[in-house]
Amino acid sequence: MVTKSLERKLFIILEMLTDNNGVLLEDFSDELGVSTRSIRNYLKQLQEEIPKEIVEIVKNNNSEYKLNIKNQEKFQEILELNRRQKQKFSQLNNPEERVDYLINRLVGLDEIVTIDDLAEEMNVGRTTLVKDLKKVDQKLEEYGLILKRKTNSGIKIEGDEINLRLIILEHICKTYDDARILLENSDIITKKDIIKLQEQIVTNLKENKFGVTEALINNLIRYIAVMLLRISNNKKIISLQSQYKIIKESEEYLIGKTIKNLIEELCNIEIDDLEVIFIVMPLLGRNAPLYHEVLRNLTIGENITTLRKQIFKKVFEFTGLSLEEDEQLIQSLEYHLYYALNRLVLNIKYKNPMLKEIKEKYKLPYEVAKIAATVIEEKYDIEVEEDEIGYLALHFGTYVERASKSSIKIKNAAIICGTGLGTAQLLSMKLKKILGEEIKFKSFSDLDFTENLANKYDMIFTLVDLNININVPIIKITSIFDESQLKGEIESQIFLNKTNEQINDTKPDILNGMLDKKLVFYLKENNFKSNLEKMLDSLIKSNIVSSEFKKRVIEREKKAGTAFGGYIALPHAVDEKVNNVIVAYGILDKLLIVDGKEVGLIILMVIPSESQNSQDMIVKTYQEIIDLSSNKKIVQKLIKTKSYKEFKEILGRR
């Protein structure tokens, strides 16, 4: 068994192997910031530290490293020992670790400490420490704390006790394991009693019909741990800032008092009533519960509904997305805002473990969430951090998912086929699988199908060219065997809303389907505004958009720039003149700096007015533009084009 603690880097590797079923060298390298060659040495060193009789590090056929645990009990002892020592890791190899160490060191001090003493203690130079302390200043400012510097004397953190505890939660007691180890190491409460306390809290919350999740309980234990540690060091809450006083009026306050009583009985200590405020904070700041019964008992105040309406208004103003008709989004977002505002006002920070994935895969919802965040920031004079924006994006993501589906209701549809019943039946089966079993299909030969018959159906799917003039959507199908292509053709043509013409472009692509020579401009002006105005004037002259549209676009640009990243700017506005979404392109002859970003391609989006617009179409268009902005190689090639033909060819390669 390992009797000495592992080096920090080795323990990080061990934890990564423990938490994953296979880890690549590159993953270790990214985490530790060293070469893969160094990682191989670390893996070898780690295996030398831990006997193979307990656990063996093996490499599979996919070049992934994993653990082959042979003695689970002793392996668990290794983990427990090193997790206990994790608080004492003080190699401080990077600024982030040093900042955490400094906060941990300074928040517990009654007396002043000199910079020289700290530098010697941390084994770093005075210049390095001074730089680190500037970063500490920035972190403290987020919590209304200051690092007091006294000439010829030293430094000390000063500020409100609750704010001191909040920064401890962010930088020292970050996880449930951190809380448990801190409590056990300080002999305040045993591991057995921690589990007993958790069970009692869960029982009490359920009795009060309070939504209980593992994340909530783990977070509550973190707050309780910090409270007990501070009390044991005689660091008590002696006064309350105004934003915390309202907590006493909440229903959660009564639950907090019960939890206080449970802790007093278990730990045989007395806790002041003011401490209940700190216990209640994670209950008020939790994520919206999943239980409908809990939500039904929740009263949403007028302030939340007003905020939600202001968010929807700004989202429509900036994107053309009309959210007011989505009852599911209204309800879920208001519930979320109720708890999110508690977190923001009380300065409770929740790490979002899905943030990276949300930003990568929910690009449009994340952009909408950023607009929502600006409304909250302006209204409440608080900063909404990325983690909270990510949580907001999840709600807008459900809207996008719903809006991405066709809004056209089909009850009866006709199938036109020139090759017999078998082909028609196969197509009918495929269409039902894609569009729904409830749709009634009837098959016709192309020779028997007339305009009178056509007008009896909601939609027509044809495998042959039809020479009829009707107001019913006609979808031309080119492949019935490739299901993904078939689905793409249907979606593309429905979203494009081409009701009076057959579509021969088989690409399942909205932007390609919209492309028109009249909408592509090669621009040579010296600044962004002049290029944009030239596009707008050309569109007005061609009777494609109204003069009011130009005014709205320019006004929109004044409020906030539209440089989107990926060399793209995305100006957009609503225009009552148009019935469908229109996308125009302006290719600049040189890169221009717009809002600090390089722009070489203007994508101008014309959005139908609220009464006319097709939300599914707007969503699809935004998604494709966002995807395009992520493909820098294609964008660069589009910027280098010299003709419409070349532009169309490259856009079609995506």
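The table for this structure:
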item: Qualifying positions in region 21-50 - closer than 19 Å to Asn82 by Cβ and touching a residue at least 40 places away in the same chain (Cβ under 8 Å); result: Val23, Leu46, Glu49, Ile50
item: Number of the exception - Gly586 against (1) surrounded by fewer than 19 Cβ atoms within 10 Å (Cβ to Cβ); (2) in contact with a helix residue (DSSP H, G or I) (Cβ under 8 Å, 6 or more places away or on another chain); result: (1)
item: Looking only at region 255-282, and only at residues there that are assigned to a helix (DSSP H, G or I) and without any contact (Cβ under 8 Å) to a residue 12 or more places away in the chain, the one that is surrounded by the most Cβ atoms within 10 Å (Cβ to Cβ); result: Asn261
item: Any helices (runs of 4 or more DSSP H) falling wholly within region 557-654 and containing at least 3 residues that are among the polar types (S, T, N, Q) and not assigned by TED's automatic domain parsing to the domain that holds Thr374; result: 615-630
item: Meets criteria (of a type in the set (Lys, Arg) and crowded, with 16+ Cβ neighbours inside 10 Å) for Lys620; result: yes
item: Every residue from region 132-148 that is modelled with pLDDT under 90 and more than 30 Å from Leu274 (Cα to Cα); result: none
item: Test: residue in region 457-468 that is touching a helix residue (DSSP H, G or I) at 6+ places or on another chain (Cβ under 6 Å), part of a loop (DSSP other than H, G, I, E, B), over 12 Å from Ile415 (Cβ atoms) and at pLDDT 80 or above; result: yes
item: Residue in region 444-456 that is basic (Lys, Arg) and either within 30 Å of Glu555 (Cα to Cα) or at pLDDT 85 or above (or both) present; result: yes
item: Region 52-77: number of residues that are in a loop (DSSP other than H, G, I, E, B), in contact (Cβ under 8 Å) with a residue 24 or more places away in the chain and surrounded by fewer than 17 Cβ atoms within 10 Å (Cβ to Cβ); result: 4
item: Among (1) closer than 25 Å to Asp117 by Cβ; (2) surrounded by 17 or more Cβ atoms within 10 Å (Cβ to Cβ) - the single one Lys150 does not satisfy; result: (2)
item: Qualifying positions in region 96-126 - among the hydroxyl-bearing types (Ser, Thr, Tyr) and touching a helix residue (DSSP H, G or I) at 6+ places or on another chain (Cβ under 9 Å); result: Tyr101
item: Any hit, region 168-180, residues being over 26 Å from Gly285 (Cα atoms), in contact with a helix residue (DSSP H, G or I) (Cβ under 8 Å, 6 or more places away or on another chain) and buried (at least 18 other Cβ atoms within 10 Å of the Cβ); result: no
item: Entirely in region 174-241, the helices (runs of 4 or more DSSP H) that have 1 or more residues that are among the small types (Gly, Ala, Ser) and either under 33 Å from the mean Cα position of the chain (by Cα) or at pLDDT below 90 (or both); result: 176-185, 214-232
item: Single match in Met535, Met514 (criterion: modelled with pLDDT of 90 or more and of a type outside the set (Phe, Trp, Tyr)); result: Met535
item: Any hit, region 15-24, residues being in a helix (DSSP H, G or I), modelled with pLDDT of 90 or more and within 24 Å of Glu96 (Cα to Cα); result: yes
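The rows are residues; the columns are (1) of a type in the set (Lys, Arg); (2) more than 34 Å from the chain's Cα centre (by Cα).
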position: Leu118; (1), (2): no, yes
position: Arg126; (1), (2): yes, yes
position: Val130; (1), (2): no, yes
position: Leu133; (1), (2): no, no
position: Lys148; (1), (2): yes, yes
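The values are calculated or read from the model by the stated rules, or taken from the named source; none is laboratory data. Bear in mind the structure is a predicted one, so any value in this text is a computation, not a measurement. Cβ: placed from backbone, ideal geometry, glycine included. Neighbour counts: every protein chain shown.
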